[in-house]
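First up is the structure itself, then whatever we jot down about it.
The values are calculated or read from the model by the stated rules, or taken from the named source; none is laboratory data. Since this is a predicted model, take the numbers as computed values, not measurements. Note that each Cβ is placed from the backbone with ideal geometry, even for glycine, and that neighbours are counted across all protein chains shown.
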Amino acid sequence: MIRGIRGATTVENNEQDEIISRSLEMMHAIIKANQLEAEDIVSVYFTVTEDVTDTFPAKSLRQIDGWTYVPVMCMKEIPVPGSLKKCIRVMVTARTDKKQSEIQHVYHHQAVQLRPDLKS
């Protein structure tokens, strides 16, 4: 079965090191919570708000052993008025035997307000 796994985080500063470290922190949490292996990943899509421009959050995946060949892409989030600023979102599609209700979505830092119904 193919499942989507969501995550989001925020940065305080539009700086490469922080964008990479927060993205990596989020991805490690998604991987651990859902017992993912690189071979199970179909693709990973990151989006960023228009105030996150210093680097691609996808670079964070290249720091994870075994994730060299995972397809990954970055895109700009729709600039909805009043939406959360300095936000990095991710959609991981993966092969898994987990039921949809067993998938653990991860929301860190200010992004916890996006889905308070999903505790990560």
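Figures for the structure shown
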| item | result |
| --- | --- |
| Criterion: acidic (Asp, Glu) and under 12 Å from the mean Cα position of the chain (by Cα) - qualifying residue of 25, 37, 50 | 25 |
| Criterion violated by residue 114 - all others in (1) modelled with pLDDT of 95 or more; (2) among the hydrophobic types (A, V, I, L, M, F, W, C); (3) farther than 13 Å from residue 11 by Cβ satisfied | (1) |
| Within the range 110-120, considering residues that are part of a loop (DSSP other than H, G, I, E, B) and not small (Gly, Ala, Ser), the one farthest from residue 23 (Cα to Cα) | 117 |
